Every structure is written in structure tokens, then in C-alpha cells.
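Read the structure below first, then the notes.
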Amino acid sequence: MARPNRFYDVIRIGPVQVGSHYDGRGRTKHTAACTAPGCGFSAAYRDRAGAELAARTHHCNP
């Protein structure tokens, strides 16, 4: 059973949260996830700048 990701350096940009975590091989990964009800947007990125750009440009579909 895989262990859950332990996020650090979490910030919020609008409804999107961006956080960093280590994958199973010790590499740093970055995730952006929208917290709006019914949105469902989330994506993983290799660098922090990409995750923050996705958070800044994300628009939820009503």
C-alpha cells in the first residue's frame, strides 16, 4: 500500500492550492489542485513555476 503524499510549502492562489511533495524516489514534485466544489482540476508538475502558473490561469467551469 502506497503512503499518502506529505505536502509542504502549500500556498493558495484563488481557489487553487499549490503544494510540493517528494515522490517515492525522493524527487520533488509540485501539484496544483482546485478546491472549488465540483471543479475537479488537479495536475502534477516538475517545477514549482509551472504549478503556480497553472494556478494563476485556472478558471473553473460553472
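The values are calculated or read from the model by the stated rules, or taken from the named source; none is laboratory data. Fair warning: this is a prediction, and the values are worked out from it, not measured in the lab. Backbone-built Cβ (ideal geometry, glycine too); neighbour counts: all protein chains shown. Quick note on the areas: whole protein, heavy atoms, side chains included, nothing else; ligands and nucleic acids left out. Shrake-Rupley method; radii C 1.70, N 1.55, O 1.52, S 1.80 Å.
Write out, first by first residue and then by second, each pair whose Cβ atoms fall under 8 Å of each other, whose residues are 6+ apart or on separate chains, and whose first residue, in the range 29-43, is without any contact (Cβ under 8 Å) to a residue 12 or more places away in the chain while the second is part of a strand (DSSP E or B).
Between residues of the range 29-43 that are without any contact (Cβ under 8 Å) to a residue 12 or more places away in the chain and residues that are part of a strand (DSSP E or B), the close pairs are Gly40/Cys34; Ser42/Thr31; Ser42/Ala32; Ser42/Ala33; Ser42/Cys34.
Being outside any helix (DSSP H, G or I), at pLDDT 95 or above and not acidic (Asp, Glu) narrows it down to one residue among Arg25, Arg12; which is it?
Details: Arg25 fails: at pLDDT 95 or above.
From the options Arg25, Arg12, the qualifying one is Arg12.
Restricting the range 11-30 to residues that are out of contact with any helix residue (DSSP H, G or I) (no Cβ under 8 Å at 6 or more places or on another chain), over 20 Å from Cys60 (Cα atoms) and not charged (D, E, K, R), which is most open to solvent (accessible area, probe 1.4 Å)?
So the residue we want is Tyr22.
Checking the conditions here, which among Ala33, Ala54, Ala43, Ala49 is surrounded by 14 or more Cβ atoms within 10 Å (Cβ to Cβ), assigned to a helix (DSSP H, G or I) and among the aliphatic types (A, V, I, L, M)? Talk me through it step by step, then tell me what you get.
On the way: Ala33 fails: assigned to a helix (DSSP H, G or I); Ala43 fails: assigned to a helix (DSSP H, G or I); Ala49 fails: surrounded by 14 or more Cβ atoms within 10 Å (Cβ to Cβ).
Within the list Ala33, Ala54, Ala43, Ala49, the selection yields Ala54.
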